[in-house]
Amino acid sequence: MKQYVISVKVENKFGVLARVAGLFSARGYNIDSLTVSTTEQDNISIMTIVVKGDDRVIEQVKKQLNKLIDVIKVTDHSDIPTVQMEIVIIKISAPQSKRAEIFQLGEIFRADIADISAKSITLGVKGEPEKIDNFIELLRPYGIKELMRTGRVSMVKETKDSK
Amino acid sequence: MKISGAEIIVECLKKENVEVMFGYPGGVVIPIFHQIFNAPFKFILSRHEQGAVHAADGYARASGKPGVVLATSGPGATNLVTGIATAYMDSVPLVVFTGQVHSAMIGNDAFQEVDVTGITRPISKHNYLVQDINDLSRIIKESFYIASTGRPGPVVIDVPVDISNGFTRFHYPESVNIKGYKPVYEGHSGQIEKACGLIESSSRPVIYSGGGVIISNASEELRTFVKKTGIPVTTTLLGMGAYPETDSLSLEMLGMHGTYYANRAMHESDLVIAIGARFDDRVTGKIDTFIPNAKVIHIDIDPASVSKNVLVDIPIVGDCKKVLGEMNKIIQPPRITEWIDKINQWKKDHPLSYEDSGKGRIKPQYIVEEIYRQTGGEAIICTEVGQNQMWAAQFYKFTEPRSFISSGGLGTMGYGFPAAIGAQLARPDKRVIDIAGDGSIQMNIQELIVAVQHRIPVIIAILNNGFLGMVRQWQQLFYDKRYSHTCINFAPDFVKLAEAYGAAGISVKERNEVIPAIKKALEITDRPIIIDFHVAREENVYPMVPAGKSVKDTIMRDLA
Ligand SMILES: Cc1ncc(C[n+]2csc(CCOP(=O)(O)OP(=O)(O)O)c2C)c(N)n1
């Protein structure tokens, strides 16, 4: 199943999150991530939804999203040039002997050292989802104690022919 | 001058020219009822909230205007749920007010609190919880607009009691502006031209016309289109009446219990012109074998209906009435005489029929035919759900839109009778008949007193087979005839029941009593009438395309 990134511009009204999420859950779809963000416009929010699914069902969900009264616009970001970002916070086991390596890795990924204790280090990284995937994989051998990703935000890139 | 929220509600309903409201009181809506007491519109007190919402739905379907409902919080609201879902599935415009507990108590499991917007979210076109009295009139204006435009549907407004009791200045907005809701009515002219081209070059076209044609009042345009093209028309259950079933180009209803010739024509077709229909599974059967050789043109106001179940070659998003109107300006007829001959042969070889020796218990189909004859085809027919619904659809010939009222998408038993009350209020000039089963009628029989109270002469024709007939039919055909919990001949005496309520009751056991009973019922105009027809107990509805099967699996009659 393909992964889709769907951007939904909504009026920031009571219940709108439940309406949008409900369309996915009613079809038995598990949302991989969902972020709700304020925008440059008052009372307008953007939801970025990452979901795996079958082509036709996603097509149907997009149409149903468009039908929601509070939804202003639905854009599929899956196959167009976009800027995507997300943040991860990751806590790993870090005995004294491993700390130098971990700091080095962190530096390469421009991670923030968010917290250090006797046994662990907590790092924060922002960036494209793939970068975050890589970072997590590299840290996995040290033993991940806790991990959290914010879910991505996605904005269409300004290309030469875009107005 | 400041007025209360409850007064604002009544003022808004006046502005919307509401003629009748249906509902039931309770604690948190007393302030609204207090104002309704003197309102200029009629209020019909149901005996169960489900009765109120179905009546509003029947009113809406018969009149084309939104039905308006008011119920209290908690159990009042939950009793509406089936009715709201019924209206949603069949695209019926309703504006439903529910009371809610005081804003300060919401979320605290207060007495008679339920999350109405949460419960109704997936079964309404839109819903609101009023959080500020200054939004109230705008919300009501928007609700009427949303309910009755685009693809219509029910809108729910949940009103906390402190909003009803609050005060503000009243101002009813002239217009609405909702950023995310701009229904498209005009079809794309390029698509319309393309569609006409495809139609003109087709050799086996069929029109598949649905409830959307009735909703958009496009019946005239459809008739003109058929006159210009000579293309045969089949309709869905909810589309019946858009095109006269008595005309030679009508194939009548298609689908699970549709005519053989309608389903066969669809199957053999090279071009299906779907208008205001949504390719429901009761129409398509097994989707892979449905219309295997056809291109598809789909005219619908709801983009989400297009290419949902069946991939469409030429989609036209727009209002059926407008799009057909545009097509009628340019369309040229295709050459299809051979096709029509073929269809006429199918009609001759496989007409709708049933076996009737004239002996034994009365055949239910015969009763529907007699109701048709005795009313001259002029009645509004409501139905319950089950075999009664299918026989009504098959054997009453509908010639006018809004003359057949039935729960299609949800298939709600107990819908027909309260809907008939609403339909009769919308159309006092018509006879309204609920063709019922002995099971379904018991689901909202309490509404009988409403019809008696308001002298509403709805006729309830019970096709009493002592079974939950449609389920029994499936058990007979697909579950080894094990009639598990479908025998309901432990039944009330419906004539006595009618009399207990102050309605008229007629019992019919013999075939020769059928016509006199219908005639007698038609003469009564000041109260509802129950006719209890004792019919053949194990009669089946045919033809039948079993669920998930294709036309070639059609069962034509009982295999003895
Ligand atoms: C509220 C509801 N419950 C259950 C069903 C399932 N169901 C469909 S048809 C049917 C039998 C209806 O029996 P009856 O009203 O006697 O009509 P008949 O089929 O005998 O004409 C049932 C139980 C339904 N459609 N609606």
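The values are calculated or read from the model by the stated rules, or taken from the named source; none is laboratory data. All values derive from a computational prediction rather than experimental measurement. Virtual Cβ from ideal backbone geometry, glycine too; neighbours counted across all protein chains shown. All accessible areas refer to the heavy atoms of the entire protein, side chains included, with ligands and DNA or RNA removed. Shrake-Rupley method; radii C 1.70, N 1.55, O 1.52, S 1.80 Å.
Based on the Kirkwood radius over alpha-carbon pairs, what value in µm²/s does the Stokes-Einstein equation return for the translational diffusion coefficient of the range B:160-205 at 25 °C and 0.890 mPa s? Each step should come with its number before you reach the end.
On the way: Rh = 16.1 Å.
It diffuses with D of about 152 µm²/s by this estimate.
So what is the diffusion coefficient of the range A:83-154 in µm² per second by Stokes-Einstein at 25 °C and 0.890 mPa s, using a Kirkwood Rh over Cα pairs? Kindly include the intermediate steps, with their values, before the conclusion.
Working: Rh = 12.1 Å.
Rounded to a whole number, D works out at 203 µm²/s.
In the neighborhood of B:G469, defined by Cβ-to-Cβ distances under 12 Å, what is the net charge if each Lys or Arg adds +1 and each Asp or Glu adds -1? Show your work: numbers first, answer last.
Details: positive: B:R472, B:R537; negative: B:E384, B:D438, B:E538, B:E539.
Result for the local shell: -2.
Calculate one ³J(HN,Hα) per residue across the range A:29-38 by plugging θ = phi - 60° into the Karplus curve 6.51 cos²θ - 1.76 cosθ + 1.60, and present them in order as whole Hz with x for glycine and proline.
Karplus-based 3J(HN,Hα) across the range A:29-38 equals 8, 9, 6, 6, 8, 8, 10, 10, 10, 6 Hz.
Measuring from a point 7 Å past the Cα of B:L45 along Cα-to-C-beta, which residues in the range B:1-32 have an amide N at less than 12 Å?
Under 12 Å, as judged by backbone N against the label point of B:L45, lie B:23-26 of the range B:1-32.
Using per-residue counts of other Cβ atoms within 10 Å, averaged over each peptide, order B:207-219, B:462-474, A:14-26 from highest down.
B:207-219, B:462-474, A:14-26
Evaluate peptide B:123-132: per residue, the Cβ atoms of other protein chains within 10 Å of its Cβ; return the mean as an integer.
Partner-chain Cβ atoms within 10 Å, mean over residues of B:123-132: 2.
Can you compute the radius of gyration and Dmax for the range B:429-560, using only the Cα atoms, both in Å?
17.1, 51
Sorted by average packing, counted as other Cβ atoms within 10 angstrom per residue and highest first, what order do B:365-374, A:149-158, B:232-241 take?
B:232-241, B:365-374, A:149-158
At 222 nm, what helix-only mean residue ellipticity would the protein assembly as shown give, in deg cm²/dmol to the nearest 500, using -39500 (n - 2.57) for each DSSP H run of four or more?
Only helices count here, giving -10000 deg cm²/dmol.
In whole Hz, with x marking every Gly and Pro, tabulate ³J(HN,Hα) for the range A:140-149 from phi via Karplus 6.51 cos²θ - 1.76 cosθ + 1.60, θ = phi - 60°.
Couplings: 3, x, 7, x, 7, 8, 7, 8, 8, 10 Hz.
From the Cα gyration tensor of chain B, with a ≥ b ≥ c the square roots of its eigenvalues, which class applies: rounded if a/c is under 1.5, or else prolate if a/b is larger than b/c, or else oblate?
Working: a/c = 1.97, a/b = 1.22, b/c = 1.61.
Since a/c reaches 1.5 but b/c is at least a/b, the shape of chain B is classed as oblate.
For the range A:2-76, just the Cα set please: Rg and Dmax, both in angstrom.
For the range A:2-76, the Cα radius of gyration and maximum Cα-Cα distance read 11.5, 34 Å.
Just flag the GluC sites (Glu not before Pro) in the range A:1-95 sitting in loop per DSSP whose Cβ has no more than 10 other Cβ atoms within 10 Å. Kindly include the intermediate steps, with their values, before the conclusion.
On the way: sites: A:E11, A:E40, A:E59, A:E86; in loops: A:E40.
Within the range A:1-95, the qualifying GluC sites (Glu not before Pro) (loop, at most 10 other Cβ atoms within 10 Å) are A:E40.
Using only Cα atoms, figure out Rg for the range B:255-414 and give it as a multiple of 2.2 N^0.38 Å.
This ratio for the range B:255-414 stands at 1.19.
Placing +1 on the Cβ of each Lys and Arg and -1 on the Cβ of each Asp and Glu in the range B:386-510, which of B:G408, B:V508, B:Q442 has its Cα farthest towards the positive end of the resulting dipole?
Comparing the listed Cα positions along the dipole, B:G408 ranks first.
Specify which residue in the list B:G190, B:M556, B:V155 is farthest towards the positive end of the charge dipole of the protein assembly as shown, using unit charges on the beta carbon of Lys, Arg (+1) and Asp, Glu (-1), about the Cα centre.
About the Cα centre, the residue reaching furthest to the positive side is B:G190.
Is there a quick way to get the dipole size of chain B? I mean about its Cα centre, with the Cβ of Lys and Arg at +1 and of Asp and Glu at -1; what is the value in debye to the nearest 20?
Using only the charged Cβ atoms, the result is roughly 660 debye.
Whole Å is fine, so just give me how far the alpha carbon centre of the range B:1-28 lies from that of the range A:76-90.
After rounding, the separation between the Cα centres reads 49 Å.
Report, ordered by chain and residue number, the lysines lying within cross-link reach of B:K347, taken as a straight Cα distance under 30 Å and ignoring same-chain residues fewer than 8 apart.
Hits, sequence-local ones excluded: B:K227, B:K228, B:K286, B:K295, B:K321, B:K359, B:K363, B:K397, B:K549, B:K552.
Order B:192-199, A:93-100, B:544-551 from most to least packed using the mean count of other Cβ atoms within 10 Å.
Listed from highest to lowest mean packing, they are B:192-199, B:544-551, A:93-100.
For the range A:41-85, which residues drop by 40 square angstrom or more in accessible area between the chain on its own and all protein chains together (1.4 Å probe)?
Correct list: A:R56, A:Q60, A:K63, A:K67, A:I69.
Would you kindly calculate the translational diffusion coefficient of the range B:350-417, applying Stokes-Einstein with the Kirkwood radius from alpha carbon pairs, for 37 °C and a viscosity of 0.692 mPa s, and quote it in µm² s⁻¹ without decimals?
Working: Rh = 12.9 Å.
Taking Rh from Cα pairs, D becomes 255 µm²/s.
Quick check: pseudo-label points 7 Å beyond the Cα along Cα→Cβ at B:L477 and A:A18, how many nm apart are they?
For the pair B:L477/A:A18, the computed spacing is 4.1 nm.
Where nothing but the Cβ of Lys and Arg (+1) and of Asp and Glu (-1) is charged, how large is the charge dipole of the range B:39-134 around its Cα centre, in debye to the nearest 20?
Dipole magnitude for the range B:39-134 comes out near 400 debye.
Using Cα pairs closer than 8 Å and at least 6 residues apart in sequence, work out the relative contact order for chain B, in percent.
Result for chain B is 14 percent.
Across the residues of B:181-187, average count of Cβ atoms on other protein chains within 10 Å?
Working: counts 6, 0, 0, 0, 0, 0, 0.
The per-residue average across the peptide is 1.
For the range B:141-184, state what percent of all Cα-Cα pairs lands in each successive 10 Å bin, counting from 0 Å until the bin that includes the largest distance.
21, 44, 29, 6
Can you compute the charge dipole magnitude of the range B:231-327 about its Cα centre, using +1 on each Lys and Arg Cβ and -1 on each Asp and Glu Cβ, nothing else charged? Give it in debye, rounded to the nearest 20.
Charge dipole, the range B:231-327, about its Cα centre: 120 debye, nearest 20.
Among DSSP bridges having both ends in chain B, what percentage is antiparallel? Round to the nearest 5.
5 percent
Please report, for the Cα atoms of the range B:1-143, the Rg to one decimal and the Dmax as a whole number; what are they, in angstrom?
14.1, 42
What lysines sit close enough to A:K91 to cross-link, taking a C-alpha to C-alpha distance under 19 Å and skipping anything fewer than 8 places away on the same chain?
Correct list for A:K91: A:K119, A:K126, A:K131, A:K145.
May I ask what percent, to the nearest 5, of DSSP beta bridges between residues of the protein assembly as shown are antiparallel?
Bridges in the protein assembly as shown are about 40 percent antiparallel.
Can you tell me the relative contact order of the range A:46-163? Whole percent, Cα pairs under 8 Å, sequence separation 6 or more.
35 percent
Based on the Cβ-Cβ distance from A:D76 to B:E193, what FRET efficiency comes out when R0 is 30 Å, to the nearest 0.05?
Between A:D76 and B:E193 the formula returns 0.55.
Ratio to report: Rg/Rh of the protein assembly as shown, with Cα atoms as the point set and Rh obtained by the Kirkwood method; give two decimals.
In the protein assembly as shown, Rg relative to Rh is 1.04.
Whole-Å semi-axes of the range B:288-356's equivalent ellipsoid, largest first, each the root of 5 times a Cα gyration tensor eigenvalue?
Calculated on Cα positions only, the semi-axes equal 29, 19, 14 Å.
Straight-line reach from B:K179: which lysines have a Cα under 18 Å away, not including same-chain ones fewer than 8 places off?
Result set, ordered by chain and number: A:K9, A:K13, A:K62, A:K63, A:K67, A:K73, B:K125, B:K141.
For the range A:110-140 and the range B:319-393, compute the distance between their C-alpha centroids and round to whole Å.
Going from one Cα centre to the other spans 69 Å.
Relative contact order (percent) for the range B:112-254, with alpha-carbon contacts under 8 angstrom and 6 or more residues of separation?
Numbers: 160 pairs, mean separation 23.4, N = 143.
Relative contact order, the range B:112-254: 16 percent.
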